[in-house]
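The values are calculated or read from the model by the stated rules, or taken from the named source; none is laboratory data. Given the structure is predicted, the values throughout are model-derived calculations rather than measurements. Here Cβ is always computed from backbone atoms with ideal geometry, including for glycine, and neighbour counts include all displayed protein chains.
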Amino acid sequence: MRIHDHRFPDTLISQGVIYADTATFGSNTIIGSNTIIMDNVQIGDNTIIAPLCIIERGAKIGSNVTIQPFAVIARNTIIEDCVFIAPHFNCANDKKINIGEHGTSQNKKPFKEYPIIIREFAVLGSGVSVAPGVEIGRCARIDMCCLVTRNVPENGHLRSGKEIVGRLQ
């Protein structure tokens, strides 16, 4: 079932999608069922967001991007054009989590954010986790189940925790 929103006539929004009034969607974009899209998210043209994804506040997703099910995109993450993200991707933007009783923060200092940037044509495999502040370079490839804790250069390949730099084959 499709939800009709006159602001986005060329966007297919599936049943059960929750999105903020401040979110914007490009033409020919598909948003899968039961996805949550928070405040000030921007999604480009011809992008596919599969079911059951969470896209946090301020994320910017380019055109011709595919994000498969169960992905979690952290607040203010930037995903450039033509990126592929496989299922169960997740990322974080805060290096310290200090939660007290009843889920309240014990931090006395203000929240410090470390946004993630994923450059165009990058491919991220299933189960990839990206640490705060990491930049994944243009045409980089991250194999499944990798934990990415450092920047990956352009054309880099991260496999089994080892970075291999060079042209992709």
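Numbers for the structure displayed
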quantity	calculated
Search result, residues across segment 63-85 that are surrounded by 21 or more Cβ atoms within 10 Å (Cβ to Cβ) and not basic (Lys, Arg)	65, 67, 71, 73, 74, 77, 79, 83, 85
Enumeration of residues in segment 110-119 that are surrounded by 17 or more Cβ atoms within 10 Å (Cβ to Cβ) and assigned to a loop (DSSP other than H, G, I, E, B)	115, 116, 119
Positions within segment 50-62 being assigned to a loop (DSSP other than H, G, I, E, B) and either buried (at least 18 other Cβ atoms within 10 Å of the Cβ) or hydrophobic (A, V, I, L, M, F, W, C) (or both), in sequence order	50, 52, 53, 56, 58, 59, 62
Hey, residue 92 of a type in the set (A, V, I, L, M, F, W, C) and at pLDDT below 95 or not	yes
Yes/no for residue 20 being buried (at least 19 other Cβ atoms within 10 Å of the Cβ) and of a type outside the set (Ser, Thr, Tyr)	no
Lone unmet requirement of (1) small (Gly, Ala, Ser); (2) modelled with pLDDT under 95; (3) closer than 16 Å to residue 60 by Cβ for residue 122	(2)
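Condition check ((1) closer than 21 Å to residue 67 by Cβ; (2) at pLDDT 95 or above; (3) of a type in the set (Phe, Trp, Tyr)) across all residues:
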site: 129; (1), (2), (3): yes, no, no
site: 133; (1), (2), (3): yes, no, no
site: 138; (1), (2), (3): yes, yes, no
site: 146; (1), (2), (3): yes, no, no
site: 149; (1), (2), (3): no, no, no
site: 160; (1), (2), (3): no, no, no
site: 163; (1), (2), (3): no, no, no
site: 169; (1), (2), (3): no, no, no
